[in-house]
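Working notes for the structure below.
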Amino acid sequence: MKLLDIQDLTKNFGGLTAVNSLSMSLETGQILGLIGPNGAGKSTVFNCIAGVCPPTSGKIAFKGKEITGQKPWDICRKRIARTFQLVKPFASKTVLYNVMVGTFSQTKSTAEAEEKALKVLERLHLDQKKDALAGSLTIADRKRLELARALATEPELLLLDEVMAGLRPTEVEEMIVIIKGIRKNGVTIFVIEHIIRAIMALSDWIVVIHFGEKIAEGTPAQVSQDERVIKAYLGEEYVTARNQGD
């Protein structure tokens, strides 16, 4: 079943077309990767889905119902959550407080909000730092906190925008395991990522965009061998390294 269906999505900023007539769909239980060069329009796609900026034209449907142009808080209540490239927690508040903010989208009870937040923190191995100030966390823990805040809204669809950027290789591997675990718990995932080995390891299907337009889609193996993708994004160095790895 199509959980998310995007048809002819276009977003213009003045004379600039950031996304141009983009169509794609995401099946329930799938991990879909979205890749492309910097400035390709990837985060704009997420912003349109999440209600941050309404599309210029096109349609977005979630579970068969159109959500095009709805407000972010309404999108959140429909159980679509997202993380942001630039992690900006409430730095002077505790880790627990930050996650409880997310839980209040689904409950009005403070006790229930705290209980739900603690469960999310346990899943992400942040429960031991629940009383620490968010501003004191390492980059890796801030990334986990950003993910925890999104999970606290109890999403059916989770949009991950470069959640592994800035992490060390061992931290990337840990995040891959965490994301796969989130999918096992019934959350469908749409992920933007520049760390190619991570996106290839995670994704069931990958869509590639360049200058706001889709240039290829397929399995990780298919996309990594597509000449258009190699030329526009992956580069010959990736192909050489992959072949040497084989």
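Every number here is computed from the coordinates shown, using simple stated rules; none is lab data. This is a predicted model, so every value here is computed, not measured. For neighbour counting, all protein chains shown are included, and Cβ atoms are generated from backbone atoms with ideal geometry for every residue, glycine included.
Scanning the range 169-178 turns up no residue that is of a type outside the set (Lys, Arg), closer than 23 Å to Asp74 by Cβ and either assigned to a loop (DSSP other than H, G, I, E, B) or out of contact with any Phe, Trp or Tyr (no Cβ under 9 Å at 6 or more places or on another chain) (or both). Of all residues in the range 197-234, exactly one satisfies the criterion of being of a type in the set (A, V, I, L, M), over 17 Å from Gln30 (Cα atoms) and touching a Phe, Trp or Tyr at 6+ places or on another chain (Cβ under 8 Å), namely Ile230.
Scanning the range 130-150 for residues that are surrounded by fewer than 20 Cβ atoms within 10 Å (Cβ to Cβ), of a type in the set (A, V, I, L, M) and in contact with a strand residue (DSSP E or B) (Cβ under 8 Å, 6 or more places away or on another chain) gives Ala132, Leu133.
Residue-by-condition table, conditions (1) more than 19 Å from Glu173 (Cβ to Cβ); (2) within 13 Å of the chain's Cα centre (by Cα); (3) touching a residue at least 24 places away in the same chain (Cβ under 8 Å):
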site: Leu121; (1), (2), (3): yes, no, yes
site: Leu124; (1), (2), (3): no, no, yes
site: Lys129; (1), (2), (3): yes, no, yes
site: Thr138; (1), (2), (3): no, no, no
site: Lys143; (1), (2), (3): no, yes, yes
site: Leu147; (1), (2), (3): no, yes, yes
site: Glu154; (1), (2), (3): yes, no, yes
site: Leu160; (1), (2), (3): no, yes, yes
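His194 fulfils the conditions (1) in a loop (DSSP other than H, G, I, E, B); (2) under 27 Å from Met100 (Cα atoms) except for a single criterion, (2).
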